[in-house]
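A.B. asks: Just passing along the structure, written as structure tokens.
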């Protein structure tokens, strides 16, 4: 954030030292009129009047000084400097000329010369308010906040009502770390000049930087009422993002929209407004804003990135990939954009394991530190002699909360054997919830890492002495993979948060199971695969999950298929296959529910895709998003869940099973197509796993044709799942700890950790 320190007004600078004027009332009057013309902006008249004075007295200090001010206004800085020096040569005790020369030196970055000029003026008149004020400005420019504050204080001792001194005193005190005193000074500036928005801006800056979002928002609001055109774009963006992360996006949208209205060409501000609407899932508004943003800045990489991610979530993954590729071309070193592209490419069913491995390896080649990972170290001798010692496990995630990773990890953190493992959680979560608070209580060591990433985060983790560091994000949002490439821990693994290889050789292991990653796929992973025996994740159902309701088809006579997955997973192969179950069957329907269906155009597009395969619009129940509890309740309107082909359901499948709804799946070769296979096998339901498209249809038809069997399965499914390894957090944690121990022993046997 840049600060402005207003110079002393021109009229004050011109007359404060009462320089001698040429004799005669006419010359005095001409100089006074020249000064008034200068203040009015009539530089031609002011210059003519000064030359008239110089016809009588060529060395008139007052005329030379005013001509210097005119030259400065016109950008003729060399002429201005010469004229100020001529005025001082004619009258060395002309304080205003010293201050004008100081201001000229200050604007050119010559702090030392500016300082000497200010001190010269103060030697002439120690009670010159403007002398102390300008001295404070020079000192503040030079980073001397304490000395600047003292100078402003001297100015205010002479004139307590000088609001520019109060304003700049507030800035100096804030920079000196005295925020409370700064707010007092800025409050005085605002009180003495209630029509001036500048102190309100600085109050907002101080309150924002001290974490007072309410105070910052109030100050920005007051500034907006005075002069909305002067709202600072950078501050508005920072405040808006902070409010969003605090769960107060609704407070951020109006002030950001007002700033955009007055700065329509500001692409960054428009992009911020689009992100705010996306955060509250106002998809139509976000879509319109992102399109307008790209009209103003078609080559803005960050707007391209955000809109590409949004389009993917709306089921338009190909368009999303296209925008993300353009974004990455514009910002080839941006690891976050590159990760977004990789995640979006996972929805492309035409890509195989080899393609994904190659694409992910490119991320590492592009973003790894030159010279290889830093911080590699050997295992301490005592660790080699005692591979069974207590280990420090570090979990790194932005998803310690109500998120799939949160539901997978909470039981593990709770059941870790604390005699054998010391648990550290490194949280980059921006908004806490009840599950976040639970993690904070369960972890022995809770580390809030904010935006820290890369080598800085790696150094912090290394300093904590972590033995095994676990990535829980992969290439999903707010990941910390750039820290992992610096190898802050002897053993590194990725687990639960991504859908395959990260492409990073510095991550030693990918934790999986034999269904997710069967034998033979290992060459397509940068990591060594550590297969757990039963399942690769453990599910802890939320306590607010509603009871399983009766089979809907028994009452309605209509079999309802359902899928609550992200629309990005809804590829054409899935739509064609599902349409076979629905076409010409008025006694069947399909329910889809996800956040993107809030957008009317998206609902129309989905209906059109099914209509192209002969499905009547009345057979589709396209539901808008609801809260998590509401989404779970919606399963009580579904008889059979259908798993997408290109990207299988993960948490979605687990939630369907918990709500008594069987899931039909057809696994492929890629990691992202095999989640449901893993979950159904662990739940003892391998019969729901198809070997081909015909088998998929046969299983769905078989369940739909035998409602008694389906109702019986529905009534027993929750208990069956609760008794399976999927929901046995204590047992799962023991298997995960055994895997950690094997990783550590393998490293100890090699002796080298790098």
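A.B. asks: Looking only at segment 644-672, count how many residues are without any contact (Cβ under 8 Å) to a residue 40 or more places away in the chain and part of a helix (DSSP H, G or I).
C.D. replies: The qualifying residues number 1.
A.B. asks: Hey, another quick one. Among the residues of segment 586-598, which ones are crowded, with 20+ Cβ neighbours inside 10 Å and touching a residue at least 40 places away in the same chain (Cβ under 8 Å)?
C.D. replies: Answer for segment 586-598, where residues must be crowded, with 20+ Cβ neighbours inside 10 Å and touching a residue at least 40 places away in the same chain (Cβ under 8 Å): 588, 590, 591, 593, 596.
A.B. asks: Pull up segment 226-247, narrow it to residues that are within 17 Å of residue 263 (Cα to Cα) and not in a helix (DSSP H, G or I), then point me to the one that is farthest from the chain's Cα centre (by Cα).
C.D. replies: 227
A.B. asks: Go through 627, 660, 695, 649 for me and flag whichever is surrounded by fewer than 19 Cβ atoms within 10 Å (Cβ to Cβ) and modelled with pLDDT of 95 or more.
C.D. replies: Values: 627 fails: modelled with pLDDT of 95 or more; 660 fails: surrounded by fewer than 19 Cβ atoms within 10 Å (Cβ to Cβ); 649 fails: surrounded by fewer than 19 Cβ atoms within 10 Å (Cβ to Cβ).
When all the criteria are applied, what remains is 695.
A.B. asks: Of these, 690, 700, which one is more than 38 Å from the chain's Cα centre (by Cα) and crowded, with 24+ Cβ neighbours inside 10 Å?
C.D. replies: When all the criteria are applied, what remains is 700.
A.B. asks: Right, something else. Do we have any residue at all in segment 676-684 that's modelled with pLDDT of 95 or more, crowded, with 24+ Cβ neighbours inside 10 Å, out of contact with any strand residue (DSSP E or B) (no Cβ under 9 Å at 6 or more places or on another chain) and under 27 Å from residue 495 (Cα atoms)?
C.D. replies: Within segment 676-684, one or more residues are modelled with pLDDT of 95 or more, crowded, with 24+ Cβ neighbours inside 10 Å, out of contact with any strand residue (DSSP E or B) (no Cβ under 9 Å at 6 or more places or on another chain) and under 27 Å from residue 495 (Cα atoms).
A.B. asks: Given the criteria in the same structural domain as residue 400 (by TED's automatic domain parsing) and within 30 Å of the chain's Cα centre (by Cα), does residue 517 qualify? Give the derivation first.
C.D. replies: Working: in the same structural domain as residue 400 (by TED's automatic domain parsing): yes; within 30 Å of the chain's Cα centre (by Cα): no.
The answer is no for residue 517.
A.B. asks: Follow-up question, since we're still on this one. Between 496, 458, which is closer than 30 Å to residue 726 by Cβ, in contact (Cβ under 8 Å) with a residue 40 or more places away in the chain, assigned by TED's automatic domain parsing to the domain that holds residue 410 and buried (at least 24 other Cβ atoms within 10 Å of the Cβ)?
C.D. replies: The match here is 496.
A.B. asks: Could you tell me whether segment 396-417 includes any residue that is farther than 30 Å from residue 728 by Cβ, touching a helix residue (DSSP H, G or I) at 6+ places or on another chain (Cβ under 8 Å) and modelled with pLDDT under 95? Let's see the steps before the verdict.
C.D. replies: Applying the first criterion (farther than 30 Å from residue 728 by Cβ) to segment 396-417 yields none.
Within segment 396-417, none of the residues are farther than 30 Å from residue 728 by Cβ, touching a helix residue (DSSP H, G or I) at 6+ places or on another chain (Cβ under 8 Å) and modelled with pLDDT under 95.
A.B. asks: Also, quick follow-up: Of everything in segment 693-736, what is closer than 18 Å to residue 676 by Cα and in contact with a strand residue (DSSP E or B) (Cβ under 7 Å, 6 or more places away or on another chain)? Give them in sequence order.
C.D. replies: Across segment 693-736, the qualifying residues are 696, 699, 700, 703.
A.B. asks: Let me ask another. Any idea which of (1) outside any helix (DSSP H, G or I); (2) more than 22 Å from residue 306 (Cβ to Cβ); (3) touching a residue at least 12 places away in the same chain (Cβ under 8 Å) is the one residue 211 doesn't satisfy?
C.D. replies: (3)
Yes/no per residue for (1) in the same structural domain as residue 572 (by TED's automatic domain parsing); (2) touching a residue at least 40 places away in the same chain (Cβ under 8 Å); (3) surrounded by 23 or more Cβ atoms within 10 Å (Cβ to Cβ):
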site	(1), (2), (3)
270	no, no, yes
294	no, no, no
303	no, no, yes
312	no, yes, yes
323	no, no, yes
344	no, yes, yes
347	no, yes, yes
355	no, no, no
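A.B. asks: How about segment 357-372: which of its residues are over 13 Å from residue 335 (Cα atoms), exposed (fewer than 15 other Cβ atoms within 10 Å of the Cβ) and modelled with pLDDT of 95 or more?
C.D. replies: Within segment 357-372, 358 is the sole residue that qualifies.
A.B. asks: Further question: Here are some conditions: (1) more than 25 Å from residue 415 (Cα to Cα); (2) over 25 Å from the mean Cα position of the chain (by Cα). Residue 537 meets all but one. Which one does it not meet?
C.D. replies: Against the list (1) more than 25 Å from residue 415 (Cα to Cα); (2) over 25 Å from the mean Cα position of the chain (by Cα), residue 537 comes up short only on (1).
A.B. asks: Next question, about the same structure. Give me the pairs, please: first residue somewhere in segment 144-168 and in contact (Cβ under 8 Å) with a residue 40 or more places away in the chain, second residue anywhere and part of a loop (DSSP other than H, G, I, E, B), beta-carbon distance under 6 Å, and either six or more positions apart or on two chains.
C.D. replies: 164/6; 168/5
A.B. asks: Same structure again: Considering each residue of segment 255-287, count those that are in a helix (DSSP H, G or I) and more than 28 Å from residue 223 (Cα to Cα), and give that number.
C.D. replies: Number of matching residues: 3.
A.B. asks: Continuing with the same structure: Is it the case that some residue within segment 739-748 is outside any loop (DSSP other than H, G, I, E, B), in contact with a helix residue (DSSP H, G or I) (Cβ under 6 Å, 6 or more places away or on another chain) and touching a residue at least 12 places away in the same chain (Cβ under 8 Å)?
C.D. replies: Scanning segment 739-748, I find at least one residue that is outside any loop (DSSP other than H, G, I, E, B), in contact with a helix residue (DSSP H, G or I) (Cβ under 6 Å, 6 or more places away or on another chain) and touching a residue at least 12 places away in the same chain (Cβ under 8 Å), so the answer is yes.
A.B. asks: If you take the residues of segment 721-750 that are within 28 Å of residue 640 (Cα to Cα) and surrounded by fewer than 17 Cβ atoms within 10 Å (Cβ to Cβ), which of them is farthest from the chain's Cα centre (by Cα)?
C.D. replies: If we take residues in segment 721-750 being within 28 Å of residue 640 (Cα to Cα) and surrounded by fewer than 17 Cβ atoms within 10 Å (Cβ to Cβ), then 723 is farthest from the chain's Cα centre (by Cα).
The values are calculated or read from the model by the stated rules, or taken from the named source; none is laboratory data. All figures in this text were calculated on a predicted structure; none of them were measured in a lab. Heads up, the Cβs are rebuilt from the backbone with ideal geometry, glycines too, and the neighbour counts pull from every protein chain shown.
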